[in-house]
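*Asks:* Encoded as structure tokens, here's the structure I'll be asking about.
Bear in mind that the values in this text are calculations on the coordinates, not laboratory data. As the structure is a computational prediction, the values presented were derived from the model and not from experiment. Backbone-built Cβ (ideal geometry, glycine too); neighbour counts: all protein chains shown.
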Amino acid sequence: MRSALLAGIIPAVLVPGVAQAAPCPTTDVLGTYQFGRAAAIGAAGEAAGVWSSPAIRSGIAGDDLVITYTPRHTASAVERQVYTALYTEVAHPDAECDRVGADGVAKHVWVSYRCRTGVAPNYTLLVR
């Protein structure tokens with residue numbers, strides 16, 4: 001009886017299953033942003049290497065940013081700069097930075113984020 005039980009358990013433990021497989025790239029809507037802003041955010045995220053193939057779908061409420069990314073469930077060892085919301089280009093750069101950061105956490109594009117500001121009221125999105 002024990003040998004039959006062990007014979008069933010050993011292959012299940014040693015053979016990689018779905019839970020042990022590497023995450024596959026996925027394409028999804030990151031969020032809906034002000035008209036024109038999704039394109040800027042998408043291009044900056046692609047340049048930073050956070051996602052690929054950004055696409056924009058215009059709608060009634062704004063532009064949807066569609067990205068391809070590999071879902072993350074553990075934080076990166078280093079912080080990565082995604083983009084900077086400039087106060088000369090967006091009315092509330094702090095709110096936009098926070099929204100993009102939270103959208104990325106919700107979709108598992110990154111695990112954590114922070115918005116850093118400097119002398120000017122610009123906000124830079126940093127992620128892990």
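*Asks:* How about segment 19-56: which of its residues are assigned to a helix (DSSP H, G or I) and among the small types (Gly, Ala, Ser)?
*Replies:* Ala19, Ala38, Ala39, Ala40, Gly42, Ala43, Ala44, Gly45, Ala47, Ala48
*Asks:* Can you tell me which residue within segment 80-128, out of those that are within 13 Å of the chain's Cα centre (by Cα) and of a type in the set (Gly, Ala, Ser), is nearest to Val66 (Cα to Cα)?
*Replies:* Looking at the filtered set, the residue picked out is Gly104.
*Asks:* Looking only at segment 24-38, which residues are touching a Pro at 6+ places or on another chain (Cβ under 9 Å), within 17 Å of His108 (Cα to Cα) and not hydroxyl-bearing (Ser, Thr, Tyr)?
*Replies:* Within segment 24-38, Cys24, Pro25, Leu30 meet the criteria.
*Asks:* If you scan segment 57-85, which residues turn out to be crowded, with 16+ Cβ neighbours inside 10 Å and either part of a strand (DSSP E or B) or among the aliphatic types (A, V, I, L, M) (or both)?
*Replies:* Result: Asp63, Asp64, Leu65, Val66, Ile67, Tyr69, Val82, Tyr83, Thr84, Ala85.
*Asks:* Out of the residues in segment 86-117 that are touching a residue at least 40 places away in the same chain (Cβ under 8 Å) and outside any loop (DSSP other than H, G, I, E, B), which is surrounded by the most Cβ atoms within 10 Å (Cβ to Cβ)?
*Replies:* Applying the filter and picking the extreme gives Val100.
*Asks:* Right, another one. Is it the case that Ala55 is within 13 Å of the chain's Cα centre (by Cα) and not charged (D, E, K, R)?
*Replies:* No, not satisfied.
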